[in-house]
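Enquirer: One structure, as structure tokens, below. Some questions next.
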Amino acid sequence: MFTRKSYLELWRGERYISRHVTTVDAADSAQADAMEHGGGVYQLKVGDALYYEVDMSFMLGSGGDIEEVAPPVLVGRKFNPGPYIKSRGGHTNTDQDAYHADMLNQVTNNINNIPEYQGALVAFACGYINPAPGVYEFTAVDNMLNFLKSQGKRLMFEMPWKSFNNASIEWIAPADLLPDQALQTNSPGWIWMVWRQANMDRLIEIWAAIADRYDSDPNFELVTGAESGPSLGGVPQADFTHNSLRDQLIRLDEANAVAFQNTTWCPYINSLAGRQDALLESAYQNRIGFGEPDYSRSAASSLWRGDTVSSEVDREFRGTIVHHAIYSGSQAAIQAPEDTLIFNETGGIDGGGQQATHISFVIGLNPPGDLANVEAAIQANPDAFATACPSRFSSCVTG
């Protein structure tokens with residue numbers, strides 16, 4: 001069984017400030033965070049059930065009382081399940097202006113094909129969003145989001161730190177870190193070396209800036225990044241280990257669970273040399289989401305629906321958190337869209353289905369995965385998506 005860590009959590013009213021693994025230093029760490037966020041009354045959560053209210057004066061060591069109080073309630077999480085479209089193209093294209101124009105054109109031409117589409121999944125490059133330390137560029141994101149708003153639709157925002165098919169290294173990470181902090185993969189493509197702590201620190205900063213700008217926007221539905229599989233088979237890199245990448249990805253989960261109070265962080269989990277069970281458990285513990293770059297084809301998805309059981313994880317994940325998956329080119333090659341939707345509702349060993357809440361269908365696939373077939377399948381299977389508010393969320397906001 002996966003060994004659960006005990007946490008001390010710091011809250012201020014209904015806002016979740018930080019989480020600290022319970023050690024002898026946990027209270028000191030929480031105090032430091034409270035001091036950083038200013039005076040007032042804070043709540044401490046210990047473990048899963050106990051909540052305490054702490055006046056700032058107590059945390060500063062100058063007296064004050066501590067008393068047990070009712071748990072604070074999380075602000076509702078945006079939750080609009082159903083089918084989405086996914087723009088097709090390389091997010092690290094050298095000409096970013098042309099790339100963004102193409103993405104907007106794809107979405108404009110397809111988002112209203114059928115009323116069931118909830119919105120669009122669109123990728124933006126790390127190097128575009130954060131071209132230099134402390135500098136952020138959101139013009140293309142704003143343009144896409146504002147268009148979708150005008151159509152009553154939503155944006156699912158993707159910012160990968162990995163590319164495929166000989167894509168340019170130019171945008172895979174902030175420019176000041178290239179080329180030293182990127183590595184060519186065997187796909188072939190590039191990956192930003194986020195298993196290095198300093199690089200993950202920078203990535204966490206970028207996501208925090210994105211959260212500050214968009215988390216409260218009701219049309220900003222979900223955020224996701226790069227798949228967990230590093231594609232480094234046969235590529236030597238002295239400081240890479242699967243454990244170091246796993247640990248840094250869990251750090252990102254913990255940070256984004258705090259940064260995004262109203263938007264679901266939904267990391268792609270497919271493979272990591274047998275360590276995807278720890279990543280799936282991290283998603284569960286941090287009350288975030290589980291993403292798949294290729295619907296139902298990974299070891300993680302088999303764990304998710306209970307078709308296989310890991311020595312580390314033995315629980316029912318379905319229905320507990322958001323599950324977003326992409327109906328991709330590789331998926332379309334083996335399974336027609338209607339079969340995918342039927343599987344989502346009734347597939348798996350137990351017949352309980354994959355129960356994905358959000359599925360993104362890639363624009364421009366060949367039959368049977370083309371949008372005409374996708375749209376017919378969606379309209380023929382209106383109950384294919386899991387639409388109940390995930391049980392690990394305190395509440396959901398729909399619409």
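The values are calculated or read from the model by the stated rules, or taken from the named source; none is laboratory data. Quantities reported herein were computed from a predicted structural model and do not represent experimental measurements. Note that we place each Cβ from the backbone using ideal geometry, even for glycine, and neighbour counts take in every protein chain shown.
Enquirer: Could you list, in sequence order, all residues of segment 160-211 that are in a loop (DSSP other than H, G, I, E, B) and in contact with a helix residue (DSSP H, G or I) (Cβ under 6 Å, 6 or more places away or on another chain)? Step through it out loud before you land on a result.
Expert: If we filter segment 160-211 for residues that are in a loop (DSSP other than H, G, I, E, B), which is where we start, we get 160-161, 163-174, 178-181, 185-189, 193-196.
Within segment 160-211, 161, 171, 173, 174, 181, 193, 194, 195 meet the criteria.
Enquirer: On to the next question. Check whether at least one residue in segment 110-131 is surrounded by fewer than 22 Cβ atoms within 10 Å (Cβ to Cβ), assigned to a helix (DSSP H, G or I) and either polar (S, T, N, Q) or in contact with a Gly (Cβ under 7 Å, 6 or more places away or on another chain) (or both), and report yes or no.
Expert: yes
Enquirer: I'd like the residue in segment 108-167 that is of a type in the set (Phe, Trp, Tyr) and under 16 Å from residue 88 (Cβ atoms) and, out of all such residues, is nearest to the chain's Cα centre (by Cα). Walk me through it before giving the result.
Expert: Residues of segment 108-167 of a type in the set (Phe, Trp, Tyr): 117, 124, 128, 136, 138, 147, 157, 161, 164.
Checking which are under 16 Å from residue 88 (Cβ atoms) leaves us with 117, 124, 164.
Numbers: 117: 20, 124: 14, 164: 19 Å.
Among them, the one singled out is 124.
Enquirer: Return the residues of segment 286-308 that are among the aliphatic types (A, V, I, L, M) and over 12 Å from residue 349 (Cα atoms); say none if nothing qualifies.
Expert: From segment 286-308, those among the aliphatic types (A, V, I, L, M) are 288, 299-300, 303; that's our starting set.
Hits for segment 286-308 are 288, 299, 300.
Enquirer: In addition: Can residue 271 be described as closer than 16 Å to residue 203 by Cβ and surrounded by fewer than 23 Cβ atoms within 10 Å (Cβ to Cβ)?
Expert: Values: closer than 16 Å to residue 203 by Cβ: no; surrounded by fewer than 23 Cβ atoms within 10 Å (Cβ to Cβ): yes.
Judged against the criteria, residue 271 is not a match.
Enquirer: Residues that are part of a helix (DSSP H, G or I), of a type outside the set (Gly, Ala, Ser) and either in contact with a His (Cβ under 6 Å, 6 or more places away or on another chain) or surrounded by 21 or more Cβ atoms within 10 Å (Cβ to Cβ) (or both): does segment 147-159 have at least one?
Expert: Step one: filter segment 147-159 for residues part of a helix (DSSP H, G or I), giving 147-150.
Narrowing further to those that are of a type outside the set (Gly, Ala, Ser): 147-149.
Checking the rest, the ones that are also either in contact with a His (Cβ under 6 Å, 6 or more places away or on another chain) or surrounded by 21 or more Cβ atoms within 10 Å (Cβ to Cβ) (or both) come to 148.
So far as segment 147-159 goes, yes, one or more of its residues are part of a helix (DSSP H, G or I), of a type outside the set (Gly, Ala, Ser) and either in contact with a His (Cβ under 6 Å, 6 or more places away or on another chain) or surrounded by 21 or more Cβ atoms within 10 Å (Cβ to Cβ) (or both).
Enquirer: Another question about this same structure. Determine which single condition residue 393 fails, assuming it passes every other condition in (1) modelled with pLDDT under 95; (2) more than 30 Å from residue 258 (Cα to Cα).
Expert: (2)
Enquirer: Further question on the same structure: When segment 215-246 is examined, which residues are found to be closer than 27 Å to residue 323 by Cβ, hydroxyl-bearing (Ser, Thr, Tyr) and at pLDDT below 95?
Expert: Matches in segment 215-246: 216, 231.
Enquirer: Now for a separate question. What residue, of 309, 313, is in the same structural domain as residue 275 (by TED's automatic domain parsing), surrounded by 15 or more Cβ atoms within 10 Å (Cβ to Cβ) and either touching a Leu at 6+ places or on another chain (Cβ under 6 Å) or over 26 Å from residue 368 (Cβ atoms) (or both)?
Expert: On the way: 309 fails: surrounded by 15 or more Cβ atoms within 10 Å (Cβ to Cβ).
Going through 309, 313 in turn, just one is in the same structural domain as residue 275 (by TED's automatic domain parsing), surrounded by 15 or more Cβ atoms within 10 Å (Cβ to Cβ) and either touching a Leu at 6+ places or on another chain (Cβ under 6 Å) or over 26 Å from residue 368 (Cβ atoms) (or both): 313.
Enquirer: Anything in segment 316-334 that is more than 25 Å from the chain's Cα centre (by Cα) and under 12 Å from residue 296 (Cα atoms)? List them, or say none. Before the answer, list the steps.
Expert: Pass one, segment 316-334, residues more than 25 Å from the chain's Cα centre (by Cα): 333-334.
Selection gives 334 alone.
Enquirer: Okay, next question. Pick from segment 343-381 the residues that are assigned to a helix (DSSP H, G or I) and among the small types (Gly, Ala, Ser): which of them is surrounded by the most Cβ atoms within 10 Å (Cβ to Cβ)?
Expert: Applying the first criterion (assigned to a helix (DSSP H, G or I)) to segment 343-381 yields 343-346, 371-380.
If we keep only those that are among the small types (Gly, Ala, Ser) too, we end up with 372, 376-377, 380.
Numbers: 372: 11, 376: 13, 377: 21, 380: 12.
Within segment 343-381, the match that is surrounded by the most Cβ atoms within 10 Å (Cβ to Cβ) is 377.
Enquirer: Name the one entry in 244, 231 that is within 19 Å of residue 92 (Cβ to Cβ) and among the hydroxyl-bearing types (Ser, Thr, Tyr).
Expert: Exactly one of 244, 231 is within 19 Å of residue 92 (Cβ to Cβ) and among the hydroxyl-bearing types (Ser, Thr, Tyr), namely 231.
Enquirer: Sticking with this structure for a sec: Looking at residue 365, is it modelled with pLDDT under 95 and under 20 Å from residue 118 (Cβ atoms)?
Expert: Values: modelled with pLDDT under 95: yes; under 20 Å from residue 118 (Cβ atoms): yes.
Considered against the rule, which asks whether it is modelled with pLDDT under 95 and under 20 Å from residue 118 (Cβ atoms), residue 365 comes out as yes.
Enquirer: Taking segment 336-364 as the search range and keeping residues that are in contact (Cβ under 8 Å) with a residue 60 or more places away in the chain and hydrophobic (A, V, I, L, M, F, W, C), which one is farthest from residue 155 (Cα to Cα)?
Expert: Our first condition is that a residue be in contact (Cβ under 8 Å) with a residue 60 or more places away in the chain; within segment 336-364, this holds for 356-364.
Now drop any that are not hydrophobic (A, V, I, L, M, F, W, C), which leaves 356, 359, 361-363.
Working: 356: 18, 359: 13, 361: 14, 362: 15, 363: 15 Å.
This residue is 356.
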